[in-house]
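> After the structure tokens below, expect a handful of questions from me.
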């Protein structure tokens, strides 16, 4: 059996690459993956799978013609806050696959927000035609239940990704605290200035080694560099392309101050304390689900001292997720694999 896998791949986004690696880890051995990527060569080199360019119409048609299954491979593909083009593109691919008679799977999705009537209608229509649907949060499940679709609900698959230790991390001074910020309209220049001052004050108070971790260089690296220039103590920018190493990096970190969803999931899974800076409902859902502290960026305190004091208090007195809770999340994340296994059985 051959499966075309579509997602936000080949863009250097650590979270989406981790979803792809986890999907490939969970895919039954009888299924040969064909990955649609923005950078087919890099995706092939990284995962050793057949790839096609995700914007080549002829290549996509060829892949669909020779395949049995089409999979949306995890993440927030169907949301229209970032753009209308993205959900229309992904819905169009799935509709084409359905028209050609492929089994279609919406795998580990975070559905919404869908504010536009067109994107809501498109999402509804293609999900109705799916062989199987799994989602990663209860809000997505609530939306689908209104459409009389009953998805499998399980934690984000990246909880189940096998981590790999990072060579040389132990040589950096301890204690180590990671920071992940990304460009976003809510992270205004003024808020970035406030957060940078709070990090300066936090480092002075704790003498920690601050590790700035871009998850997508095009959106995170410039911010990391701007912060690093101003820090008074030991710091380093850590760039890792292997998703397993990116997850394993948090084995050697005491705490993360993070915006990106998968920076928090990876850190929490490695018993690292997490403090969230939310820019998106998906981060809010995670904060609620695993009870981690943080602020919505829109409500970020304007006094850097308030922020650094909260970080200091959590750094000293906060607790990471307990091992039993982490294991439960990992075990339940493997429920997404059941969806894939059924494709082979059926």
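> Considering (1) touching a strand residue (DSSP E or B) at 6+ places or on another chain (Cβ under 9 Å); (2) surrounded by fewer than 18 Cβ atoms within 10 Å (Cβ to Cβ); (3) over 25 Å from residue 17 (Cα atoms), say which one residue 203 fails and leave the rest.
Residue 203 satisfies every listed condition except (2).
> Are any residues in the range 43-84 out of contact with any strand residue (DSSP E or B) (no Cβ under 9 Å at 6 or more places or on another chain) and part of a helix (DSSP H, G or I), and if so, which ones?
45, 46, 57, 58, 61, 65
> In the set 77, 61, 118, which member is surrounded by fewer than 23 Cβ atoms within 10 Å (Cβ to Cβ), modelled with pLDDT of 95 or more and under 29 Å from residue 286 (Cα atoms)? Quick ask: steps written out before the conclusion?
On the way: 77 fails: surrounded by fewer than 23 Cβ atoms within 10 Å (Cβ to Cβ); 61 fails: under 29 Å from residue 286 (Cα atoms).
Of 77, 61, 118, the one residue that is surrounded by fewer than 23 Cβ atoms within 10 Å (Cβ to Cβ), modelled with pLDDT of 95 or more and under 29 Å from residue 286 (Cα atoms) is 118.
> Surrounded by fewer than 20 Cβ atoms within 10 Å (Cβ to Cβ), in a loop (DSSP other than H, G, I, E, B) and out of contact with any strand residue (DSSP E or B) (no Cβ under 8 Å at 6 or more places or on another chain): which single residue out of 190, 251, 230 fits that description?
On inspection, the qualifying residue turns out to be 230.
> Any idea which of 218, 196 is closer than 24 Å to residue 15 by Cβ, out of contact with any strand residue (DSSP E or B) (no Cβ under 9 Å at 6 or more places or on another chain), at pLDDT 95 or above and surrounded by fewer than 17 Cβ atoms within 10 Å (Cβ to Cβ)? Full working, then the answer.
On the way: 196 fails: surrounded by fewer than 17 Cβ atoms within 10 Å (Cβ to Cβ).
Criteria check complete, one pass: 218.
> Report, by residue number, each residue of the range 85-101 that is buried (at least 18 other Cβ atoms within 10 Å of the Cβ) and either in the same structural domain as residue 285 (by TED's automatic domain parsing) or out of contact with any strand residue (DSSP E or B) (no Cβ under 8 Å at 6 or more places or on another chain) (or both). First the steps, then the outcome.
The initial filter retains those residues of the range 85-101 that are buried (at least 18 other Cβ atoms within 10 Å of the Cβ), namely 87, 90-91, 93-94, 97-98.
If the condition is that a residue be buried (at least 18 other Cβ atoms within 10 Å of the Cβ) and either in the same structural domain as residue 285 (by TED's automatic domain parsing) or out of contact with any strand residue (DSSP E or B) (no Cβ under 8 Å at 6 or more places or on another chain) (or both), then 87, 91 are the ones that fit.
> Something else about it: Go through the range 20-39 and give me each residue that's surrounded by fewer than 21 Cβ atoms within 10 Å (Cβ to Cβ), assigned to a loop (DSSP other than H, G, I, E, B) and in contact (Cβ under 8 Å) with a residue 60 or more places away in the chain.
Hits for the range 20-39 are 28, 30, 31.
> Now a separate question. Quick check on the range 102-114. Is at least one of its residues loosely packed, with under 14 Cβ neighbours inside 10 Å and touching a helix residue (DSSP H, G or I) at 6+ places or on another chain (Cβ under 9 Å)?
no
The values are calculated or read from the model by the stated rules, or taken from the named source; none is laboratory data. None of these values were measured; they are calculated from a predicted model. When we count neighbours, we look across all protein chains shown, and the Cβ atoms used for this are built from the backbone with ideal geometry, even at glycine.
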